[in-house]
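Below is one structure, written out as structure tokens; the observations come after it.
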Amino acid sequence: MFSMRVTRTLSHRIFSGYLGWCFFKELLGTFDGILVTNHHGAYNDYAADKHQYCWTYIIRNLEKIAQRHGRAGEDGQKLLRIASAMVVVTTSADIKGFQ
């Protein structure tokens with residue numbers, strides 16, 4: 001699990017728009033675990049086998065797709081149900097102590 005303490009300097013850099021890969025590489029240091037992120041392009045250079053997108057962002061994007069008309073909306077609704085079910089199953093397993 002990766003966590004970081006947000007300092008005044010880090011907050012300033014984030015809110016001033018400085019979010020390039022060099023910044024994150026420096027921030028991560030020697031971290032070699034699974035990195036869970038949003039879809040920001042700065043994370044694209046992190047090893048693909050150790051990079052997971054945050055389910056919140058995935059579900060938010062699927063909600064937008066599900067609102068479309070036609071086939072895209074139908075597919076979005078199906079994928080949204082699947083993603084939501086996976087989050088419920090994962091959360092339930094975590095609560096029960098399974099990993």
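The values are calculated or read from the model by the stated rules, or taken from the named source; none is laboratory data. This is a predicted model, so every value here is computed, not measured. In this analysis, Cβ positions are derived from the backbone assuming ideal geometry, glycine residues included, and neighbour counts consider all displayed protein chains.
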Worksheet item: What is the number of the single condition among (1) modelled with pLDDT under 80; (2) closer than 25 Å to SER84 by Cα; (3) of a type in the set (D, E, K, R) that GLU63 does not meet?
Response: (1)
Discussion item. Given the criteria out of contact with any strand residue (DSSP E or B) (no Cβ under 9 Å at 6 or more places or on another chain) and at pLDDT below 85, does ASP32 qualify?
Written reply: yes
